[in-house]
Amino acid sequence: MSGIGVIAASGQPAIAQTFHTLVVQPTSFCNLDCAYCYLPDRRSRRLMTARVADACAGAIEAQGSGYPVSVVWHGGEPTATPIGHFLDLLAPFESLRQAGRMGHEIQTNATLVDRRWCEVFAEYGFTVGVSVDGPAALNRNRLDRAGRSTHGRTMRGVQALADAGLEYSVICVVTPESIDHVDDLVDFFAGLPGCRSVGFNIEEQEGAVRLPVGEDFAYRFWRRLVQRRTAGERLRIRDLDRLADYLAAARAGRVEHGPYEPIPTVSWDGQVVLLSPELLGITDAGYGDFVVGNVLAEPITVMLSRAGGLRYVTEFVDALNDCSARCGFYDFCRGGQAGNRYFEHRTFTVRETNYCRTTRQALVRATADHLNDLGGTP
């Protein structure tokens with residue numbers, strides 16, 4: 001299995017040799033300066049070249065898989081890319097998109113989204129994700145480089161999407177400042193025009209020096225969300241939907257775990273890291289730069305075939321095996337995230353992280369306790 005190893009409990013290959021998701025960085029620049037941001041190069045205005053985009057499209061072509069690949073335009077802030085240049089980056093993918101072999105996604109702070117961007121999203125069939133942390137009072141970590149609020153600009157972008165008839169999902173970072181404001185958050189997102197769902201990311205330790213959210217606070221947060229859901233809240237909440245889907249599959253005996261998604265992430269200049277987009281641009285004395293290769297030199301499938309030679313990949317596989325053998329949450333959690341292991345502990349070998357406790361374990365415990373109180377079966 002290319003030397004990457006297997007998950008001992010199932011005998012499945014640990015890391016897939018093909019990818020469902022390809023994260024690409026059209027620019028490393030971001031026009032915001034969020035308090036919790038981890039990106040090291042967000043002031044640099046470097047742009048991906050058409051050659052790199054062409055090589056990314058070629059990587060999908062070379063893979064020859066039977067499923068469509070999601071190409072996720074990430075950053076930096078992807079809409080900080082000049083729109084004409086962005087269209088040049090989309091061109092190499094168009095024949096694949098027309099053939100149903102890939103689709104575009106974008107994660108944006110929406111401050112630069114206007115009618116022209118909405119036209120691009122519509123023409124190329126983008127799935128749009130917006131990053132916003134709630135109403136203005138709870139969005140105060142998302143500032144521009146002058147320290148000014150960005151909430152009004154994001155709301156103008158959201159309105160532009162709605163006016164264009166484009167639905168979008170939201171990612172909300174739940175911070176120590178907002179963790180006790182569940183109802184304010186849900187009411188805000190339920191009222192956003194065009195918002196089809198929200199995913200709550202409990203603030204993670206990813207380079208920023210901030211106090212982490214405690215497990216007890218996270219438990220109360222999730223429990224209130226579950227209460228809102230069972231009381232009839234219609235807002236789709238990604239995290240509760242994932243758990244509900246897992247529980248339904250478990251009851252039907254249909255829980256199947258394939259190999260871990262490698263999540264190749266391509267920088268503006270073609271460098272590729274695996275397992276976690278957050279590793280892009282990071283250099284560590286022990287691990288180096290986490291780069292497995294460059295798409296201008298070879299296909300991603302070739303990089304994946306030798307990933308077992310990378311220290312951080314082999315350590316992550318060992319940690320997954322430890323999780324599968326010892327953690328009762330593994331079936332749902334699937335072993336946490338590589339980036340969280342590294343940023344919290346500067347190693348990939350640790351079994352449990354604060355991310356595990358606040359985002360997976362607290363969610364499961366809160367749901368089980370609420371359903372037990374209602375007399376149901378979790």
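All of the numbers you see were taken from the coordinates with simple rules; none came from a lab. These numbers were taken from a predicted model, which means no experiment stands behind them. Quick reminder, even Gly has a Cβ in these numbers, built from the backbone with ideal geometry, and neighbours come from all protein chains shown.
Looking at (i) 20.9, 63; (ii) 20.9, 69; (iii) 20.4, 59, which value of Rg and Dmax of the Cα atoms in Å comes from a calculation on the structure shown? Here Rg and Dmax of the Cα atoms in Å agrees with entry (iii).
Between ILE171 and ASP245, what FRET efficiency comes out of the Förster formula 1/(1 + (r/R0)^6) with R0 = 22 Å and r the beta carbon distance, rounded to 0.05?
Numbers: r = 19 Å, r/R0 = 0.85.
Here the calculated transfer efficiency is 0.75.
Applying 0.36 nm per residue to the separation of SER197 and VAL302 and subtracting their alpha-carbon distance, the gain on full extension is 34.2 nm. Here the Debye sum runs over all C-alpha atoms of the stretch 270-378 as equal scatterers in vacuum, and log10 of I(q)/I(0) at q = 0.11, 0.19, 0.24 Å⁻¹ comes out as -0.44, -0.96, -1.28.
Name the residues of the stretch 80-119 whose amide N is less than 17 Å from a point 7 angstrom out from the Cα of ALA146 along the C-beta direction? Under cut-off, by backbone N: 111-112. Label-to-label distance, ALA252 versus ASN372, with points set 7 angstrom from Cα along the beta-carbon direction: 2.7 nm.
The separation of the stretch 136-176 from the stretch 178-199, counted between C-alpha centres, amounts to 12 Å.
Its DSSP H runs of at least 4 residues, each contributing -39,500 (n - 2.57), put the calculated 222 nm mean residue ellipticity of the chain at -10500 deg cm²/dmol, to the nearest 500.
Which residues among the stretch 232-271 fall inside the zone where the amide N is under 18 Å from a point 7 Å beyond the Cα of ARG51, along Cα→Cβ? Hits in the stretch 232-271 for ARG51 at 18 Å: 266-271. Overall, the chain carries a charge dipole of about 220 debye about its Cα centre when +1 sits on the Cβ of Lys and Arg and -1 on the Cβ of Asp and Glu, all other atoms neutral. Working from label points 7 Å from Cα in the Cα-to-Cβ sense, the ARG156 to GLN227 distance is 3.9 nm.
Sorting PHE221, PHE316 by the number of Cβ atoms found within 10 Å of their own Cβ, with the fewest placed first, yields PHE221, PHE316.
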